[in-house]
Structure formats: structure tokens, C-alpha cells
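In what follows, a structure is listed as C-alpha cells, so that the remarks can point back to it.
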Amino acid sequence: MIKEHYLKTVFIAKQPAPDRWPEAFAVITACNPLGRIIDDGANQSANTRLRKTLSRLGVKRHRVTGMSPDMIHREPSFAVWGCDLGVALDLGKQFSQHAIFWVENGKLDVVSCITGEREHEGLWSERLREPGEKPKLCCVYVIELAGEARTIKRVREANPDANPKMKCVYVGSTAKTPAERFSIHRVGGQRSSSIVCKYGVRLIPALYRNYPPMTRPQAERKEKQLAKQLRVKGYTVWQN
């Protein structure tokens, strides 16, 4: 199983970055082998060994930094091309990595060095960040749903102890404003909740206005906490 933090990694490329990225390339690091956090000096030494190994192989490379979405945890890495996926995986194994990234025709995959499992994670261009760019902040929001939403089986099953006198609500988090996100829900489609699309009534700022903007992981945790708190109070709560 691929560890979750790989699936959320974003990248900054050393400037100047390539005008056009190669058709196929890997992103490999030697930092924090087997997921163990080691000191900066040891990571720098390991990445130097990786750089020398790439030089011996005669492949091309460009420095990139892999980061958590909040840009706090960072790992110096290399974009590597002129080798196939098999060679890239062998390099990942050699430097005790759980997984590497493989980009082909602009599509970003995470590939396990242990099992070969491969998960598609969108486009490389969507994961690239500009030097000096700040992480996008998110907020939680609450939408009132029409009472008819309680008739949906999965909503009833998620709220066995709901008080029918309390509101039925949807709890979410977003990098947009709550009003913008509500509008997207109302339009429908893949980016919306079908329940909000059909039953959404209005935003309830009183239930979320005291929460400041936060990083996406923080917002996702706060979303779950708020949904739990509202259920305890008797609200019927739906959360995707």
C-alpha cells in the first residue's frame, strides 16, 4: 500500500526549470530512507550519493524539491530522464525509498518500490509550485440542507441519533470562499455533492465563522471534528 503522504506531494523545480519537461521522467530522492526522519546532514550526504550515481549512469537530471501540501516538510530530489521506469524503481530501492514518482505525457503516478503498485495522481503541472509561492489556505463551511435530505438512506444511516427538530446540514472544506464552493455544489457535476446540489438551501456562517483559514490537512481534520461536534448536538450531518 502506498503511503498517503506520497499521494499529496507537491513540487518546486530549481530555476531555471525546463521550458518543456521530457515526455517521461522520474522524481527520486534519497532523503529519509524507509520513511525514517533523519537529520539534514545525513539527507544531504545521501542525496550527494544519489547525484553521483545518476552521473555514473549518464542520465539527465534537474533538481526539484518534493513537499507536503503545506510546504513545511521538504525533501530535495531529482527529476531524472534518459532511463525507463524499471531503472528508476531500482534507484528508489537502492536508496531505500518506499516509492518514486513517474511522469509520462504529463501524467503523474506514484509507484511503490516495494510492490510495484501504481496510483495515478493527476497532472504534473497541477503539482508544480512556483518558488516563493505560499500554500493555499482552506476554510471549513456548513450548508443547510432541506429536511427532505433526511429521507436518503445513507444520510439516515450516518445519523442514527439525530434530533429531527435540529437542522440537516452539510459540512465541507475548500480553498475557495464558502459562497464560491456552494455555487459549485449547486451547479452539479463531478466537483459537487449530489445531496447539496439537490437539497442545499443556504450557508450557515454562524457555525463556521470562528474558524480561521488553515492549511488543507488542518481544514480536513477540522471538517471531521466539526461534523462530529454537530452530530453530538443533534444535527443531521452529511459529509462526503
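What number goes with the only condition from (1) in contact with a Pro (Cβ under 7 Å, 6 or more places away or on another chain); (2) among the basic types (Lys, Arg); (3) under 26 Å from Pro164 (Cα atoms) that Lys228 does not pass?
Every condition holds for Lys228 apart from (1).
Return the residues of segment 39-66 that are small (Gly, Ala, Ser), more than 21 Å from the chain's Cα centre (by Cα) and buried (at least 17 other Cβ atoms within 10 Å of the Cβ); say none if nothing qualifies.
Of everything in segment 39-66, just one residue is small (Gly, Ala, Ser), more than 21 Å from the chain's Cα centre (by Cα) and buried (at least 17 other Cβ atoms within 10 Å of the Cβ), namely Ala46.
Quick check: is even one residue across segment 112-134 over 16 Å from Asn240 (Cβ atoms), of a type in the set (Val, Ile, Thr) and assigned to a loop (DSSP other than H, G, I, E, B)?
Yes, because at least one residue in segment 112-134 is over 16 Å from Asn240 (Cβ atoms), of a type in the set (Val, Ile, Thr) and assigned to a loop (DSSP other than H, G, I, E, B).
In the set Arg156, Arg181, which member is surrounded by 20 or more Cβ atoms within 10 Å (Cβ to Cβ) and basic (Lys, Arg)?
Arg181
Residue by residue through segment 167-217, note down the ones that are more than 28 Å from Val10 (Cα to Cα) and assigned to a strand (DSSP E or B).
Cys168, Val169, Tyr170, Gly200, Val201, Arg202, Leu203
Quick check on my filter: what residues within segment 159-178 are of a type outside the set (Val, Ile, Thr), farther than 11 Å from Arg202 by Cα and surrounded by 11 or more Cβ atoms within 10 Å (Cβ to Cβ)?
Residues satisfying the conditions are Asn159, Ala162, Asn163, Met166, Lys167, Cys168, Gly172, Ser173, Ala175, Lys176.
Identify the single condition in (1) among the β-branched types (Val, Ile, Thr); (2) under 19 Å from the mean Cα position of the chain (by Cα); (3) modelled with pLDDT under 95 that Ile28 does not satisfy, given that it satisfies every other one.
In the conditions (1) among the β-branched types (Val, Ile, Thr); (2) under 19 Å from the mean Cα position of the chain (by Cα); (3) modelled with pLDDT under 95, Ile28 misses (3) alone.
Tally time: how many residues in segment 79-101 are surrounded by fewer than 21 Cβ atoms within 10 Å (Cβ to Cβ) and within 13 Å of Ala26 (Cα to Cα)?
Residues in segment 79-101 being surrounded by fewer than 21 Cβ atoms within 10 Å (Cβ to Cβ) and within 13 Å of Ala26 (Cα to Cα): 8 in total.
Does Glu144 count as touching a residue at least 12 places away in the same chain (Cβ under 8 Å), of a type outside the set (A, V, I, L, M, F, W, C) and outside any strand (DSSP E or B)?
No; evaluated as a whole, the condition is false for this residue.
Only one of these is buried (at least 17 other Cβ atoms within 10 Å of the Cβ) and at pLDDT below 95: Pro69, Pro76. Name it.
Only one candidate qualifies: Pro69.
The values are calculated or read from the model by the stated rules, or taken from the named source; none is laboratory data. Worth saying up front: this structure is predicted, and the values here are computed from it rather than measured. Quick reminder, even Gly has a Cβ in these numbers, built from the backbone with ideal geometry, and neighbours come from all protein chains shown.
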